[in-house]
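Student: Before anything else, here's the structure in question.
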Amino acid sequence: MPSDIVDPFARDPEATARPLRDFARSYLRSPSGAVGLVLLVLIVLAALCAPLLSFQNPYDLLQLDIMDGQLPPGASSMAAGYTYLLGTDDQGRDMYSAILYGLRISLGVGVISATTAAVIGATLGLIAAYRGGRVEAAIMRLVDFQLSFPTILIALMILAVLGKGIGNVILALVLVEWATFARTARGVGLVESRKEYIEASHVMGVPTWRILLQHLLPNCIPPLIVIATVQVARAISLEATLSFLGVGVPITQPSLGLLISNGYQYMFSGMYWMSVFPGLSLLVTIVAINLVGDRLRDVLNPRKDS
Amino acid sequence: MQAAAPLSPLAAAATAPSHPLLSVQGLTTSFLTPQGWTPVLRNVSFDIHPRETLAVVGESGSGKSVTALSIMRLLNPRSSKIEGDIRFDGTALTGLSDAGIRRLRGAEMSMIFQDASLNPVYTIGFQLTEILRLKRGLSRSDATREAIALLEKVRIPGAGRRLASYPHELSGGMRQRVAIAMALACKPRLLIADEPTTALDVTIQAQIIELIKLLQDEEHMSVMFITHDMGVVAEVADRTAVMFRGDLVETGPTAEIFARPRQPYTKALLASIPRLGSMNGTDLPQPFQLIDHRTGAPVAAEPQPEPQPARAPAAPSSDAAPLLTVEGLSLRFDMRGGAFHRLTGRVHAVEDVSFRIAPGETLSLVGESGSGKSTTARAIMGLNRLQGGTIRLGDLQATGPDAAPRAILCRRQQMIFQDPFASLDPRFRIADLLAEPMRVHLDLSEDEIRRRSAGLLRDVGLSPEMMQRYPHQFSGGQRQRIAIARALALDPQLVVADEAVSALDVSVKAQVINLMMEIQRRRQLSYLFISHDMAVVERISHRVAVMYLGRIVEIGPRRSVFETPSHPYTRQLMAAAPVPDPARRHLRRGLEVDEIRTPIRPPDYRPAPTRMIEVGPGHFVLDLPDHLPTALQT
């Protein structure tokens, strides 16, 4: 063993890596990011535990009492004996419970469509970046084509053909969103695949699939996570828009957007609660997700590292 | 911490007035980190006298640039804190308002940076006249006249025509000249040059250093010259300040520092500089004698396992079958343009290059940027497609239709890259980085892989306990050791090192070179060592090939090439290499500006056939009269 180690720059041998803890610490340095994260956790928990937190299952028509219809917030039920915190809609559905259940659908649709789009988009984007040439040209022209249409128009066209339904909404959202991921993944992938560690893997004879999956993909993940977060918020609002327009989820499983739409017709009769409370929930959800996304972008951006 | 040493009588005579132009006393600069205010400069004190050049020398992280930025107050006031006393011509800079210091910047003291700081979207003329009009209040036509005068002062040919050029239309050396012209626009009394030549090729570096020296005489400026290169220090500085990790270690007249360094760190630094010409009279590579930077004592050589005549790698027998044979290697890159994607020209990156490497031998490829040395290395590793020629590795064909499979070639030849921060995947632990080639190519149990990885780490002087760590937890030198360990994982016969030590600090560079020689001795490896640094090449090579514009212009045994360089370009390269000897300070070199020649040729270009003349045993020189920098052509 060579004994000539007098490297004045040698790092402390005791230093250990705690990437997760360091990451959490730098994330929480921003108050708005912390607030966003707390809100988001609460919202997700509320959506997951909806059956435990609500008084009734708003989708079970047997539990609804038409006599309780259009009650203002704070009114108590005629028969069931509980208080409608946020009022009821025209069919006597408890708005509070409906919002919790609607949140489930909105979040579910958002998360499923964004992750599916991320997987498809990132795969195509990385292949484009790595292979180059005709493969890249074909994929990226498809992306350009996709991005040149207004998203709402594409979604409307798809749903007009396929009809309503949660599955169809998710499909439409995936088709609308994959292109954003593909473009980002290609950009990041181009930068990373020119780096020496990728070349070093070539020189060592590492198979292509291994380079793609083990070296290229993990190093491209951070920006994709940021995009994914923002895209979940976008998907939720797009789904709400589609449902509001009446081409989204079916009336039997109302998401937040559909609740807003249902209450909208009573807006001018002074029964604001049917549409304002779902609207507020939607707003808070999207703001929370965007706060988290913004903070993630700052923390994961190596150039902003201290 | 020491105050500036009193000037020797000789130096004092050269810088007559006792009143310093810039006086820095007890400068402490701290940066705001999550752990609070962390000092990056501690109690730094020095003076710069009128017309004097002070070199601030140090390795990365020594605080030399922060010193300059603190003086110019260019640090972010929210995340940095400057304490101490900085006086410029008697005025305290620390007490000055922002507007006050802005008036001084540019007008009284100017700064040039490593990467000529020009705005890419404006012409040079616009940027020069803007300063002249803003800072000196000249009219438009006066400013234009003055701009031309400034460009002539920095010896830019055809200055009048150059005003309309954009920065990207100029070479790196030319851009640095323009940056100097801008810094001189207001006739500053102090010029701070922060690594102004680090990004440039040696021949261009020599020109820029010459220019700065000349302008200093003409303009009667003081210069604070920041560099990591002791060779540059010896050529420019009256006095030298050595920095290490935020402390000013030692200051004194340059000749004193070089002849009688007092501090252990300075001794260690000086010991690790490769000196061109120090190996004259020897045939074999020789490791550096290193000095511990804490004690100043020589580092004990490795205990010899068995009695050996010399520590240096033995001479490879030249009559043995060559390990690597490269014949007539050519690489061209098509350039396309126009509406129909037509072929508009070709970059002749490598043109008819042939050489051999014997087992256990080091062949160095030297040359400046664009000479094709890296392209050659990459072609050997199979990273570039060749247009012509053959590469053979031992008895295996590496190119052509009957080439051996990549998997077999990979096991025999490996590569070390330039940037130890980019060549290791940041998301892999050291254990996985070392294991990867073995997992791909060898059928070994995980236990065996772990045992071998530990052995590899020990071989490169690292502890096997470091296996669970990530690359970012290591310094540059340690990472390059890891990269070397990984290259050795498959027990290759040939290692291609592409500028493998260029990114390292001098003291670490010497260690890594020693390590490479030691590994060569133990494993009978062959190296293809790519470098632009003549002094490093002199240390490590058995044979040397000098490349220029895609061709080998001179190849032969190291001693023969360095002692009797026979090609004009080789001689120019050797003359341009900065030599860490203060006695050469008053040596004046030519200032002629070279038109940079490019290897871009029209599509129908037919390269001239290669003719080599033997000038000594195994020592060949290219005989192509026009394959030369324009300035050398007669």
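The values are calculated or read from the model by the stated rules, or taken from the named source; none is laboratory data. None of the values given here were measured: they were computed from a predicted structure. For neighbour counting, all protein chains shown are included, and Cβ atoms are generated from backbone atoms with ideal geometry for every residue, glycine included. Each accessible area value is taken on the protein alone, full model and side chains, heavy atoms only, with ligands, DNA and RNA left out. Shrake-Rupley method; radii C 1.70, N 1.55, O 1.52, S 1.80 Å.
Student: Compute the distance in nm between two label points, each set 7 Å from the Cα along the Cα-to-Cβ direction, one at B:Ala149 and one at A:Ala138.
Tutor: In this crude label model, B:Ala149 to A:Ala138 measures out at 6.5 nm.
Student: Moving to a separate point now. If eta is 1.567 mPa s and T is 4 °C, what Stokes-Einstein diffusion coefficient results for chain B, Kirkwood Rh from Cα pairs, in µm²/s?
Tutor: It diffuses with D of about 48 µm²/s by this estimate.
Student: Using the Cα centre as the reference, give the magnitude of the dipole from point charges on the C-beta atoms of the stretch A:108-276 (Lys, Arg: +1; Asp, Glu: -1; all else neutral), rounded to the nearest 20 debye.
Tutor: 200 debye
Student: OK, next. Could you work out the relative contact order of chain A? I mean the mean sequence separation of Cα pairs under 8 Å and 6+ apart, divided by the number of residues, in percent.
Tutor: Once divided by the residue count of chain A, the mean separation gives 22 percent.
Student: Still on this structure: Given the protein assembly as shown, what percent of its DSSP beta bridges are antiparallel, to the nearest 5?
Tutor: Of those bridges, close to 60 percent are antiparallel.
Student: On to the next question. Heavy atoms only, probe 1.4 Å: what % of the accessible area of the protein assembly as shown goes to carbon and sulfur, would you let me know?
Tutor: The C+S portion of the solvent-accessible surface of the protein assembly as shown is 57 percent.
Student: In square angstrom, what is the accessible area per residue of the protein assembly as shown with a 1.4 angstrom probe? Present the calculation step by step, with values, prior to reporting the outcome.
Tutor: On the way: 40770 Å² over 940 residues.
Accessible area per residue: 43 Å².
Student: Expressed as a rounded percentage, what relative contact order does chain B have, with Cα pairs under 8 Å and six or more residues apart?
Tutor: 15 percent
Student: Let me ask you something else. Within 9 Å, Cβ to Cβ, of B:Gly252, how many net charges do the neighbouring residues add up to if Lys/Arg are +1 and Asp/Glu are -1?
Tutor: In short, +1.
Student: Hey, another quick one. Around B:Asp498, what is the net charge, scoring Lys/Arg as +1 and Asp/Glu as -1 over all other residues with Cβ under 14 Å from its Cβ?
Tutor: Computed value for this residue: -3.
Student: Skipping prolines and chain starts, which residues have an amide H placed within reach, meaning under 5 Å, of the one on B:Met547, given they are 5 or more residues away or on another chain?
Tutor: B:Val366, B:Gly367, B:Val553
Student: Under the rule of at least 5 residues apart or a separate chain, name every residue whose amide H is placed under 5 Å from the amide H of B:Val615.
Tutor: Under 5 Å from the amide H of B:Val615: B:Phe620, B:Val621.
Student: Roughly how many whole Å is it from the C-alpha centroid of the stretch B:537-567 to that of the stretch B:219-281?
Tutor: If we compute the Cα centre of each part, the gap is 28 Å.
Student: Could I ask something else about it? At what distance in angstrom do the alpha carbon centres of the stretch B:396-473 and the stretch A:242-273 lie from each other?
Tutor: Value for the Cα centre distance between the two parts: 60 Å.
Student: Per-residue HN-Hα couplings for the stretch B:418-431, Karplus 6.51 cos²θ - 1.76 cosθ + 1.60 at θ = phi - 60°, whole Hz, x for Gly and Pro?
Tutor: 3J(HN,Hα) across the stretch B:418-431, in whole Hz: 5, 9, x, 8, 9, 8, 10, 4, x, 9, 9, 6, 4, 4.
Student: With viscosity set to 0.890 mPa s at 25 °C, what whole-number translational diffusion coefficient in µm²/s follows for chain A from Stokes-Einstein and a Kirkwood radius over Cα pairs?
Tutor: Rounded to a whole number, D works out at 111 µm²/s.
Student: What is the magnitude of the charge dipole of the protein assembly as shown about its Cα centre, with +1 placed on the Cβ of each Lys and Arg, -1 on the Cβ of each Asp and Glu, and no other charges, expressed in debye to the nearest 20?
Tutor: 860 debye
Student: Further question: I need two numbers for the protein assembly as shown: Rg to one decimal and Dmax as a whole number, Cα atoms only, in Å.
Tutor: So, for the protein assembly as shown, Rg and Dmax equal 34.0, 112 Å respectively.
Student: Under the Karplus relation 6.51 cos²θ - 1.76 cosθ + 1.60, θ = phi - 60°, what is the ordered set of whole-Hz ³J(HN,Hα) values for the stretch B:215-224, x standing for Gly and Pro?
Tutor: 5, 4, 5, 5, 9, 6, 8, 9, 10, 10
Student: In Å², rounded to the nearest 100, what is the total accessible surface buried by chains B and A against each other with a 1.4 Å probe?
Tutor: 3900 Å²
Student: Can you list the HN-Hα couplings for the stretch B:145-154, worked out from phi with the Karplus curve (6.51, -1.76, 1.60; θ = phi - 60°), rounded to whole Hz and with x for Gly and Pro?
Tutor: 3J(HN,Hα) across the stretch B:145-154, in whole Hz: 4, 5, 4, 4, 4, 5, 5, 5, 4, 8.
Student: Under the 0.36 nm per residue contour assumption, what length would be gained going from the current alpha-carbon distance of A:Ile66 and A:Thr123 to full extension?
Tutor: That pair, A:Ile66 and A:Thr123, stretches by 15.5 nm at full extension.
Student: Can I ask one more? Sort A:Cys220, A:Cys49 by heavy-atom solvent-accessible area, probe 1.4 angstrom, most to least.
Tutor: Ranked from most to least accessible, the order is A:Cys49, A:Cys220.
Student: Report the Cα-based extents of the stretch A:108-276 along its three principal axes, largest first, to the nearest Å.
Tutor: Result, largest extent first: 72, 27, 22 Å.
Student: Farthest toward the dipole's positive end in the stretch A:108-276, which of A:Leu153, A:Leu190, A:Val230, given Cβ charges of +1 (Lys, Arg) and -1 (Asp, Glu) about the Cα centre?
Tutor: Comparing the listed Cα positions along the dipole, A:Leu190 ranks first.
Student: Report, as an integer, the average count of C-beta atoms from other chains found within 10 Å of each Cβ along B:469-479.
Tutor: That average works out to 4.
Student: Under 24 Å between C-alpha atoms is the cut-off here; go through the protein assembly as shown and count lysine pairs that meet it, provided they're at least eight residues apart or on different chains.
Tutor: The number of close lysine pairs in the protein assembly as shown is 16.
Student: Here is a further query. Around A:Val249, under 15 Å between beta carbons, what's the net of Lys plus Arg minus Asp minus Glu among the other residues?
Tutor: Once all neighbours under 15 Å are counted, the net charge is +1.
Student: What residues have an amide H closer than 5 Å to that of B:Leu331, excluding those fewer than 5 places away on the same chain, when H is modeled at 1.01 Å from N in the peptide plane?
Tutor: So B:Leu331 has HN proximity to B:Ala349, B:Val350, B:Glu351, B:Asp352, B:Gln387.
Student: Moving on to the next point. Could you work out the relative contact order of the stretch A:108-276? I mean the mean sequence separation of Cα pairs under 8 Å and 6+ apart, divided by the number of residues, in percent. Mind showing how you got there, number by number?
Tutor: Details: 204 pairs, mean separation 48.9, N = 169.
Taking the mean separation of contacting Cα pairs over the length of the stretch A:108-276, I get 29 percent.
Student: While we're on this one: Tell me what the protein assembly as shown gives for mean residue ellipticity at 222 nm when only DSSP H runs of n ≥ 4 count, each as -39,500 (n - 2.57), the sum divided by the residue total, rounded to 500 deg cm²/dmol.
Tutor: Per the formula, -13500 deg cm²/dmol.
Student: Each label point is 7 Å from the Cα along the Cα-to-Cβ direction; what then is the distance between the points at A:Leu28 and B:Glu219, in nm?
Tutor: So the label points at A:Leu28 and B:Glu219 sit 5.3 nm apart.
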